[in-house]
Amino acid sequence: MDSLFCKQLGKGIPIVFIHPPGMGHKVFLYQENLSASFHVLFPDLSGQGKSPRKEREVTIAHFAMDIVELLDENGLDKAVICGYSAGGLVAQHFAITYPERLLGLILIGGFPKVDSFMLDKEFLIGMKLVQHDLEHLAYVIARSHTDHITFQHALQAYMLLADREVWYTFYERGHEYDCSDKLSSIEAPLLLLYGSRETWMQKHIPYYHVCPDATLHEIPRAFHQLPSRQSVHFNRAVEQFIEKHISPTIH
């Protein structure tokens, strides 16, 4: 079995961060600060970043299986699973399929299926650019996440390590994925994080009304790129969520 590349820091309650298509763990640079309080794990999913492509079909379910194998390899029974954007589809599939391994779920700009015009276009444009202009796609995504030139270049270069077919198929499978009818089965604490200005993503919030233990947190004057552009506010929200909803259940 080919293991995922995974950067790990800190001790305590484990949090696994799942990146969007193609981006790799580098997008969570500022979440490394959470290692002062938690055991943070930043994997590259199969075929992306430094992780080898696994000899199985590229699906949301298999990416979730990547995370299960990561926990097993590190002797972790349970973890908080944090999914960013389309990485949240993997996180939700994990939560629904492996509830016994879940301490809590955090979704950054989450959606259970593509159900807005803007999000649909983002997926379709992403798939087209992966096929025809990968370098430009990496540049646009990197620039949208930070104004720091060094970080921009690092993100862009890291994205170009991804297997093009895996990247495309991640978009394709995410575009067709739908777990909306299974959300009520997520009984673990759930944190929904959105920027106040990402209205096309907020349209998906009503789907989560069926989740019995959901908390909605909106970051003022923010768009979608919360881990990098709103890292201080984002990290504080994660800390507060875990301290209030997760820590009391395991101590």
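The values are calculated or read from the model by the stated rules, or taken from the named source; none is laboratory data. Worth saying up front: this structure is predicted, and the values here are computed from it rather than measured. Neighbour counts are summed over all protein chains in view; Cβ atoms, including those assigned to glycine, are modelled from backbone coordinates with ideal geometry. In case anyone asks, the SASA skips ligands and DNA or RNA and just uses the protein heavy atoms, side chains included. Shrake-Rupley method; radii C 1.70, N 1.55, O 1.52, S 1.80 Å.
What the table shows:
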item: Qualifying residue in region 107-115 (condition: of a type in the set (A, V, I, L, M), over 22 Å from Q156 (Cα atoms) and either more than 10 Å from the chain's Cα centre (by Cα) or open to solvent by 10 Å² or more (accessible area, probe 1.4 Å) (or both)); result: yes
item: Restricting region 116-154 to residues that are more than 19 Å from the chain's Cα centre (by Cα) and among the basic types (K, R), the residue that is most open to solvent (accessible area, probe 1.4 Å); result: K128
item: Lone qualifier among Q31, Q8, Q48 - being surrounded by fewer than 18 Cβ atoms within 10 Å (Cβ to Cβ) and either within 23 Å of T249 (Cβ to Cβ) or among the polar types (S, T, N, Q) (or both); result: Q8
item: Some residue of region 92-107 being of a type in the set (D, E) and more than 24 Å from R236 (Cβ to Cβ); result: yes
item: Filter result for A142 (of a type in the set (A, V, I, L, M), without any contact (Cβ under 8 Å) to a residue 60 or more places away in the chain and part of a helix (DSSP H, G or I)); result: yes
item: Residue pairs meeting the criteria (Cβ under 6 Å; at least 6 apart or on separate chains; first over 15 Å from S51 (Cβ atoms) and open to solvent by less than 40 Å² (accessible area, probe 1.4 Å), in region 155-172; second of a type in the set (K, R) and in a helix (DSSP H, G or I)); result: L155/K26
item: Failed condition for D2, given (1) open to solvent by 50 Å² or more (accessible area, probe 1.4 Å); (2) assigned to a loop (DSSP other than H, G, I, E, B); (3) modelled with pLDDT of 95 or more; result: (3)
item: Residue list for region 178-213, restricted to those being more than 16 Å from I81 (Cβ to Cβ), outside any helix (DSSP H, G or I), open to solvent by 10 Å² or more (accessible area, probe 1.4 Å) and not small (G, A, S); result: D178, R197, K203, P212
